[in-house]
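Novice: Once you've had a glance at the structure underneath, I'll fire off some questions.
The values are calculated or read from the model by the stated rules, or taken from the named source; none is laboratory data. Quantities reported herein were computed from a predicted structural model and do not represent experimental measurements. Neighbour counts run over all protein chains shown; Cβ positions are idealised from the backbone, glycine included. Side chains included, ligands, DNA and RNA excluded: accessible areas come from the protein's heavy atoms. Shrake-Rupley method; radii C 1.70, N 1.55, O 1.52, S 1.80 Å.
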Amino acid sequence: MTLQDVSTPAKTGAPADRPDTFDSLNPRTGDVVETYPVMTEDDVRAAVARARDAATWWSALSYDERKVRLNAWKGVITRRINQLANVIHEETGKPHGDAVLEASLAIDHLGWAASNAEKVTKRRRVPSGLVMMNQAASVEYLPLGVIGVIGPWNYPCFTPMGSIVYALAAGNTVVYKPSEYTPGVGAWLAATFAEVVPDHPVFQVVTGLGDTGAALCRAGVDKVAFTGSTATGKRVMAACAETLTPVIIEAGGKDPILVDADADVEAAADAALWGACSNAGQTCVGVERAYVHTTVNDEFMGHLLANASEIHGDDSADSKIGPITMPSQIDVIRAHIDDAIARGGKAVLGGPSAVGERFVQPTILVDVPEDSLAVQDETFGPTLTVARVQDMDEAIRLANNTRYGLGSTVFAGKNGMDIASRLRSGMTSINSVITFAGVPSLPFGGVGDSGFGRIHGPDGMKEFTYAKAIARQRFKPALKLTTFGRTEKADGQLTQLVTMLHGRGSTMEK
Ligand code: NDP
């Protein structure tokens, strides 16, 4: 990937304290993967202006015309999936196989969005009700215009594509600011899209540091879809508030797994380990806490420890755990483990010595107080706290006792659905882990400090649209209501009609 593949920055000159370029690094080796421009506020505004022009063309295409182009892009990505996985692998350090999995899921979402845009957004009739029975009522979902997408580094393909492809399929153009740790993945995606849609800048990438993201919030886009930490999400929201720009905030999580007495305990332990340690624990919907029924806790711990002790993160090509991508996260992981142990917790695997310079080894903590950092704050490392509970009521109470509410996992026999519905989280998988993210028709997003708004599925696509309601008069009304010529007789008839429709059954009496 070369510098020419991203939108060219304007030569406005950078302030003394801001560099003109930045390096994307390989976190396994520290080597420079590529150098990218730090785009200025002017660059970002210019990209948004180009996107606005392109939106006129893109939104005027028919559903089929957009679908053909999106499917062509899907074909290019699919045929070059190994190339994309290499870029992901180089910039994040994650194993190549994990990068292929990430790209595959993004491709599946792209296919769903392309195929379902018409069904989700096209005009449809809705009932007009008895009072307005002379009206034909209908609603359609129109594109907002230009969407600003700001993405994280941990799933630099899957996560932003969850916004980008739904926004494009709904008829918007997109300006995407990737994380400074993974600009190459963003540039690769935009470059391949431009091969399919060469004449109009429908999907552009602007590279840079946090300031470039902040500039995107202020650049006059019609909505910002942000994925990242809760702290940055608050800054994004504050910046967007200045111009009443709407936002979706997909922020962090502290996801629990609950294991009931009648669960498949071996499968639960396998899921808990993968949920906690895959991607070195750097997963917004990664499992960070386990609440296990006392009758199966020992069995669960046996399987968990046996499996976890087989997993090791290192430089080797067959390592199942990559490095911690963002160096500063190492300190957060260490602080959480130290705090847990200082407060009476025990590391039954790993612990402080598991935290290296680039890699962190799986760490299982027990007897950790529920108000400690390792239970309350997002750790974003390959760690798991395990707590024994007397029953699932206790498990649900503890699981819900954080300010986050992103995903959750339940392993149970007969009560799985009941437990899942009582968990305060945007998504739950029962008897599998994180699978909700791979089902394109399911909405993805959280509550509380995990953010608001949804990506994926019909709900996620509608986030990038506005509802356009039309009431068309089919015949003259018997009751003329919306005129100064309304008579007392009409008022009386209206009262009679409303009383007939709503008068009964509207008291607390049975
Ligand atoms: P950050 O919040 O640090 O950064 C996210 C993005 O925001 C980056 O592109 C960053 O740019 C940009 N940014 C930084 N400052 C600003 C600003 N002032 N205004 C606008 N944009 C800004 O998150 P991470 O990249 O560290 O990602 C990890 C976090 O993302 C975790 O908390 C994780 O849980 C969450 N996440 C949530 C998901 C979800 O769907 N709910 C999915 C995946 C991750 P730069 O990198 O250049 O600083």
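Novice: If you go through region 91-106 one residue at a time, do you hit one that is surrounded by 15 or more Cβ atoms within 10 Å (Cβ to Cβ) and closer than 30 Å to residue 493 by Cβ?
Specialist: No, there is no match, as no residue in region 91-106 is surrounded by 15 or more Cβ atoms within 10 Å (Cβ to Cβ) and closer than 30 Å to residue 493 by Cβ.
Novice: Now, a different point. Do the conditions hold for residue 435, that is, is it farther than 24 Å from residue 223 by Cβ and either free of Cβ contacts under 8 Å to residues at least 60 places away in the same chain or within 14 Å of the chain's Cα centre (by Cα) (or both)? Break it down stepwise before answering.
Specialist: Working: farther than 24 Å from residue 223 by Cβ: yes; either free of Cβ contacts under 8 Å to residues at least 60 places away in the same chain or within 14 Å of the chain's Cα centre (by Cα) (or both): yes.
Yes, satisfied.
Novice: In this structure, is residue 287 within 16 Å of the ligand (Cβ to nearest atom), open to solvent by 10 Å² or more (accessible area, probe 1.4 Å) and under 18 Å from the mean Cα position of the chain (by Cα)?
Specialist: Spelling it out, it is not the case that residue 287 is within 16 Å of the ligand (Cβ to nearest atom), open to solvent by 10 Å² or more (accessible area, probe 1.4 Å) and under 18 Å from the mean Cα position of the chain (by Cα).
Novice: Another question, if that's okay. Of the residues 374, 347, 340, only one is aliphatic (A, V, I, L, M) and open to solvent by 10 Å² or more (accessible area, probe 1.4 Å); which?
Specialist: Every option except 347 fails the conditions.
Novice: If you go through region 225-266, how many residues are in contact (Cβ under 8 Å) with a residue 12 or more places away in the chain and part of a helix (DSSP H, G or I)?
Specialist: 10
Novice: While we're looking at this one, here's another question. Evaluate region 166-183: report whether one residue or more is within 12 Å of the ligand (Cβ to nearest atom), open to solvent by less than 10 Å² (accessible area, probe 1.4 Å) and among the aromatic types (Phe, Trp, Tyr).
Specialist: So far as region 166-183 goes, yes, one or more of its residues are within 12 Å of the ligand (Cβ to nearest atom), open to solvent by less than 10 Å² (accessible area, probe 1.4 Å) and among the aromatic types (Phe, Trp, Tyr).
Novice: Looking at region 379-432, which of the residues that are free of Cβ contacts under 8 Å to residues at least 60 places away in the same chain and in a helix (DSSP H, G or I) is farthest from residue 302 (Cα to Cα)?
Specialist: 421
Novice: Still on this structure: Look through region 194-224, keep the residues that are assigned to a loop (DSSP other than H, G, I, E, B), of a type in the set (A, V, I, L, M) and out of contact with any strand residue (DSSP E or B) (no Cβ under 6 Å at 6 or more places or on another chain), and return whichever of them is nearest to residue 243 (Cα to Cα). Show your work before the answer.
Specialist: To start, the set of residues in region 194-224 that are assigned to a loop (DSSP other than H, G, I, E, B) comprises 197-202, 206-209, 218-222.
Then drop every residue that is not of a type in the set (A, V, I, L, M), which leaves 197, 202, 206, 209, 219, 221.
Keeping just the survivors that are out of contact with any strand residue (DSSP E or B) (no Cβ under 6 Å at 6 or more places or on another chain) gives 197, 209, 219.
Values: 197: 31, 209: 22, 219: 9 Å.
Across region 194-224, the extreme among qualifying residues is 219.
Novice: Next question. Tell me which of these residue 214 doesn't satisfy, since it passes every other one: (1) open to solvent by less than 10 Å² (accessible area, probe 1.4 Å); (2) hydrophobic (A, V, I, L, M, F, W, C); (3) within 16 Å of the ligand (Cβ to nearest atom).
Specialist: Going through (1) open to solvent by less than 10 Å² (accessible area, probe 1.4 Å); (2) hydrophobic (A, V, I, L, M, F, W, C); (3) within 16 Å of the ligand (Cβ to nearest atom) one by one, residue 214 breaks only (1).
Novice: Continuing with the same structure: Within region 221-260, can you find the residues that are β-branched (Val, Ile, Thr), more than 30 Å from residue 292 (Cα to Cα) and more than 10 Å from the ligand (Cβ to nearest atom)?
Specialist: Passing the criteria: 221, 243, 245, 247.
Novice: Mind checking which residues of region 135-154 are more than 9 Å from the ligand (Cβ to nearest atom), assigned to a loop (DSSP other than H, G, I, E, B) and in contact with a strand residue (DSSP E or B) (Cβ under 7 Å, 6 or more places away or on another chain)?
Specialist: Across region 135-154, the qualifying residue is only 144.
Novice: Any idea which of (1) touching a Cys at 6+ places or on another chain (Cβ under 7 Å); (2) surrounded by fewer than 18 Cβ atoms within 10 Å (Cβ to Cβ) is the one residue 382 doesn't satisfy?
Specialist: (2)
Novice: Tally up the residues in region 435-483 that are in a loop (DSSP other than H, G, I, E, B), open to solvent by less than 50 Å² (accessible area, probe 1.4 Å), in contact with a helix residue (DSSP H, G or I) (Cβ under 6 Å, 6 or more places away or on another chain) and within 16 Å of the ligand (Cβ to nearest atom), please.
Specialist: Of the residues in region 435-483, 4 are in a loop (DSSP other than H, G, I, E, B), open to solvent by less than 50 Å² (accessible area, probe 1.4 Å), in contact with a helix residue (DSSP H, G or I) (Cβ under 6 Å, 6 or more places away or on another chain) and within 16 Å of the ligand (Cβ to nearest atom).
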